[in-house]
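Contents: one structure, followed by commentary.
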Amino acid sequence: MKRPNYATDKVLKQFIKRALEEDIQDGDHSTLSTIPKSLEQNAKLLVKQDCILAGVELAEIIFKTFDENLKVETFIKDGETAKIGDVAFIVSGSARSILSTERLVLNCMQRMSGIATLTHDWDSRLIGSKTKLLDTRKTTPNFRVCEKWAVSIGGGTNHRYGLYDMIMLKDNHIDYNGSITKAVKMAKDYIKKNKKKLKIEVETRNLEEVKEAINAKVDRIMLDNMDIATMTKAVKLINGSCESEASGGITRDQLKDIAATGVTFISAGALTHSAENIDLSLKAIM
C-alpha cells in the first residue's frame, strides 16, 4: 500500500524524534543497566486480537531511525487481515535497540490498527454506493500523521490534513462574518490576492443555508447534523453543482441510509476519536 503524500520521511522522522525524546531523554536505564551492549536478539510482533493491521511500515521506520542495523522481516503488511496468534514481523539486531523502541512501536501500531479496523468496518457499509468515507481533524495532537494514515490503510479517504490545505467555513466563521455569501466572497478574494489554490467548503445547517451556499458557488457543501429527509432534499437542491458532505454525529448504523441520499462524502470524527486500540505485543524469541 502506497504511503500517503503527507507521511513524508521528514514528517515521520520529526515525529519519531520527538516521541523517542519524550520516552528516553537521558537514557533507557532499565535496558542500559541489564542488557550487554553486544547482545543481539530477535523479537516477534504478536497479534492478540483480530484486526486490520496498520503501522507495519511505520514500525520499520522507527526501528531503522533508532538503529539502522536492525532488520525487519515482514509477514503481514499494512491493510491486511491479521488473526489472533499471527506474527506480523520479526525484528532482529541489538537487544538494547529492540527494547528501547518497543513501546513506541506498539503504541503506534495498536492505535493505528484500531483506527484501520474501525474504518474498514464502516467503509464496508458503503459498498455498492458511490459515497466515500472521510476522516476529520478530530485527531490526537502530534499524532495526526499516524491516525490519518491508519484511516487510509483501513480503506477510508482523508479529508483535509490541516487548516492550511483547504478553506472550510464552519458555523463560527459564518456567524462571526454575518452570512455565507459574505464569507465566501472574502475567501475567494483572499485566494486570488494570495495566489492560493484552495477549495472552499461551507458548512450548512438548514435548506436556506444550502441554497445560499449553492448561489455562492463553492466546491463542497457540508450538510451538518441534518436528518435523512432534509439531507435528501439538500442533495436534490445541489443537483451535482458541487460536492456534498454529510457530517455531524454520524453513526455506523446510519451509513447506508445516508449514502442512499446521494451525498458525495460522509465524514466521521469517530474513526479517529472513538477507535479502540488493538492488542499487540512484542515478544522475545528465545
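The values are calculated or read from the model by the stated rules, or taken from the named source; none is laboratory data. Just so it is clear, the structure is predicted and the values come from calculations on it, not from any experiment. Reconstructed Cβ throughout: ideal geometry from the backbone, glycine too, with neighbour counts over all protein chains shown. For the accessible areas, the whole protein counts, side chains as well, though only heavy atoms, and no ligand, DNA or RNA atoms are used. Shrake-Rupley method; radii C 1.70, N 1.55, O 1.52, S 1.80 Å.
When Lys77 is tested against the conditions (1) outside any loop (DSSP other than H, G, I, E, B); (2) within 23 Å of Asp135 (Cβ to Cβ), the lone failure is (1). The set of residues in the stretch 184-208 that are out of contact with any helix residue (DSSP H, G or I) (no Cβ under 6 Å at 6 or more places or on another chain), crowded, with 19+ Cβ neighbours inside 10 Å and either over 13 Å from Ile167 (Cβ atoms) or among the charged types (D, E, K, R) (or both) contains only Glu201. Restricting Glu201, Glu245, Glu212, Glu208 to those that are assigned to a strand (DSSP E or B) and free of Cβ contacts under 8 Å to residues at least 60 places away in the same chain reduces the list to Glu201. Can you say whether Thr251 is hydroxyl-bearing (Ser, Thr, Tyr) and either open to solvent by 20 Å² or more (accessible area, probe 1.4 Å) or touching a Lys or Arg at 6+ places or on another chain (Cβ under 7 Å) (or both), as far as the supplied structure shows? For Thr251, the condition - hydroxyl-bearing (Ser, Thr, Tyr) and either open to solvent by 20 Å² or more (accessible area, probe 1.4 Å) or touching a Lys or Arg at 6+ places or on another chain (Cβ under 7 Å) (or both) - is met.
The selection criterion, being open to solvent by less than 30 Å² (accessible area, probe 1.4 Å) and among the aromatic types (Phe, Trp, Tyr), does not hold for Phe75. Yes or no: Ile258 under 30 Å from Asp121 (Cβ atoms) and either in a helix (DSSP H, G or I) or open to solvent by 80 Å² or more (accessible area, probe 1.4 Å) (or both)? Considered against the rule, which asks whether it is under 30 Å from Asp121 (Cβ atoms) and either in a helix (DSSP H, G or I) or open to solvent by 80 Å² or more (accessible area, probe 1.4 Å) (or both), Ile258 comes out as yes. For the criterion of being at pLDDT below 95, among the small types (Gly, Ala, Ser) and either within 25 Å of Arg111 (Cβ to Cβ) or part of a loop (DSSP other than H, G, I, E, B) (or both), Gly162 fails.
Criterion first (at pLDDT 95 or above and either under 30 Å from Met112 (Cα atoms) or buried (at least 17 other Cβ atoms within 10 Å of the Cβ) (or both)) does Asn277 satisfy it? For Asn277, the condition - at pLDDT 95 or above and either under 30 Å from Met112 (Cα atoms) or buried (at least 17 other Cβ atoms within 10 Å of the Cβ) (or both) - is met.
Selection of the stretch 87-128 for residues being more than 22 Å from the chain's Cα centre (by Cα) and either open to solvent by 40 Å² or more (accessible area, probe 1.4 Å) or of a type in the set (A, V, I, L, M) (or both) yields Val87, Ile90, Val91, Ala95, Arg96, Ile98, Leu99, Glu102, Gly128. Among the residues of the stretch 151-166, the ones that are among the charged types (D, E, K, R) and open to solvent by 40 Å² or more (accessible area, probe 1.4 Å) come to 1 in all.
Residue-by-condition table, conditions (1) closer than 25 Å to Gly162 by Cβ; (2) open to solvent by less than 30 Å² (accessible area, probe 1.4 Å); (3) at pLDDT 95 or above:
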| site | (1), (2), (3) |
| --- | --- |
| Lys2 | yes, no, no |
| Leu12 | yes, yes, yes |
| Asp23 | no, no, yes |
| Asp26 | no, no, yes |
| Thr34 | no, no, yes |
| Leu39 | no, no, yes |
| Leu45 | no, yes, yes |
| Ala54 | yes, yes, yes |
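The set of residues in the stretch 88-137 being touching a strand residue (DSSP E or B) at 6+ places or on another chain (Cβ under 8 Å), of a type in the set (Gly, Ala, Ser) and assigned to a helix (DSSP H, G or I) consists of Ala95, Ser113, Gly114, Ala116. Within the stretch 221-260, being of a type in the set (Val, Ile, Thr), within 25 Å of the chain's Cα centre (by Cα) and over 16 Å from Glu203 (Cβ atoms) holds for Thr251, Ile258. Val263 passes every criterion in (1) under 24 Å from Tyr164 (Cα atoms); (2) in a loop (DSSP other than H, G, I, E, B); (3) touching a strand residue (DSSP E or B) at 6+ places or on another chain (Cβ under 7 Å) apart from (1).
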